[in-house]
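For reference, the structure discussed in these notes is given below.
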Amino acid sequence: MITEEKFRNIKMQTMKILPVYFAILAMGLASCSGLKVVQDFDSSIDFNSYQTYNFTPSADSIPINQLNKRRLFNAISAEMNESGINWAADPDIYVHVHMLMKGKTKTNVSYGQGETYDLGSSFSTTYMDLSEFSEGSLFFDIIDSKRKQLVWSGKVTSNIKDSNTRSEKDINKIVQKVFKKFPPR
């Protein structure tokens, strides 16, 4: 059984390695079966009026390595270009990318009971298993550059696997799922 002190120690160890999980998040969401994608947008906006895009300067500060950052931005650019929206220095819309991580605990409780006929007594057992995991979200915000307002938002959330290597193909799948309904029609 895990004591409260041991649980706190596990939680502190998890907090120390969160920066590592940020990189895993961006690379690993596509291959997770529990991938949750949500999109939202301002229905009063005519998305056909947007012809150009660029990334916000702060999007470059996303805490992943340069290789995966380039893969992520290239995948976003491919989706924007496929939608007929091209890169420009002075764009109609900005794309902003950011992350959020949460540590979570999963609890499994098992019960058992039995009898010992020879002794005329019975017994029961309870087993509790606590497991720590991280859930991460990757946000994609589309901001109207003239109004300086959020007009579309996509989010992908998943449990993070213990793997440091994900392919360009995985990153492309993440971005394709999020941008599947962009621009809204």
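Before moving on, here are some points about what is shown:
- Spatial separation of Cα centroids for the stretch 41-67 and the stretch 167-185, in angstrom: 13 Å
- Long pairs among LYS148/LYS173; LYS69/LYS177; LYS148/LYS169; LYS36/LYS146; LYS146/LYS169, criterion Cα-Cα beyond 25 Å: LYS148/LYS173; LYS148/LYS169; LYS36/LYS146; LYS146/LYS169
A short reminder: the numbers here are calculations on the coordinates, not readings from a lab. Just so it is clear, the structure is predicted and the values come from calculations on it, not from any experiment.
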